[in-house]
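> What follows is a single structure, and I will ask about it in a moment.
The values are calculated or read from the model by the stated rules, or taken from the named source; none is laboratory data. Source: prediction; values computed, not measured. Note that we place each Cβ from the backbone using ideal geometry, even for glycine, and neighbour counts take in every protein chain shown. Surface areas here come from the heavy atoms of the whole protein model, side chains and all, with no ligands, DNA or RNA. Shrake-Rupley method; radii C 1.70, N 1.55, O 1.52, S 1.80 Å.
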Amino acid sequence: MKEEEGNYLVEHIANDRLLRAVAEQLKLPLLQIVHLADLMQSSQEESDLRNVRYVAQTALQLVDGFLLSADSRNQEVFQLEPVSIASVLNDTAHKLTPMARQNECKLELSVKGRYEPVMANHRFLESALMLLGYGMIESRSADSDNRQVLLAAHKSNRGLVAGVFDDLPAIGIDSLRRGRALFGDTRQPVPSAFSSSSASIFVADALFRAMETTLYPARHRRFTGLAATFHLSTQLSIL
């Protein structure tokens, strides 16, 4: 009984820290919405409307990702299904394109060859990749003159690797571990690689863990970033 109570307390604390991290990151986009709304009182330029839409969608994606991760913890059995990595990456790249343009970032898709379906969850996977994309575009490439972010997949001896990469120095495993330990704790500094978008990264991390895989630093060609490895599906068709 005591062990169950201890596990519940640990999960509750982790949940609370993630919620606080989400709330902290939502402050900036919500302030931007207010500022843009003020500008639109005197100007109805199309660019202002696009900015409002982009900022609001970014905030909503973060909230949706958090709710998905919370829902997965409340399910006794989380159902995985055969999913096409190539299809999800393509859809994600399409949805991230407006944000990349807004941030003057070159967004590329690297999916060469035919890949078998993997065991995942389509909604969770797309949300996780979207959040990783937000994090990379906003944080990792913010100081680069030639910003470039890559959504990619490649085969490994353990399965199919899918993730988001850029051309900046790699995020080390120690930084990722420190980030996991510190996210949501406003009294402690989050590692610099995650300083502005830590909630996006770690909500994505929670979604990957719900799909029985782990986010880790990885490479794709000359690019470095964050990725997860998925087991190939043994089923013949995609549900």
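> Among the residues of the stretch 95-118, what is the count of those that are in a strand (DSSP E or B) and either modelled with pLDDT under 85 or surrounded by fewer than 19 Cβ atoms within 10 Å (Cβ to Cβ) (or both)?
So the answer is 4.
> Of all residues in the stretch 209-239 being small (Gly, Ala, Ser) and not in a strand (DSSP E or B), which is modelled with the lowest pLDDT?
SER237
> May I ask you to verify whether PHE183 is surrounded by 20 or more Cβ atoms within 10 Å (Cβ to Cβ) and modelled with pLDDT under 90?
yes
> With the checklist (1) at pLDDT 90 or above; (2) part of a helix (DSSP H, G or I); (3) surrounded by fewer than 22 Cβ atoms within 10 Å (Cβ to Cβ) in hand, flag the one item SER139 doesn't pass.
All conditions are met except number (1).
> When the residues of the stretch 79-94 are filtered to those that are touching a helix residue (DSSP H, G or I) at 6+ places or on another chain (Cβ under 8 Å) and outside any helix (DSSP H, G or I), which remaining residue is surrounded by the most Cβ atoms within 10 Å (Cβ to Cβ)?
Here the residue is VAL83.
> Looking at GLU5, GLU76, GLU24 in this structure, which one is in a helix (DSSP H, G or I), open to solvent by 100 Å² or more (accessible area, probe 1.4 Å) and either of a type in the set (Asp, Glu) or at pLDDT 80 or above (or both)?
GLU5
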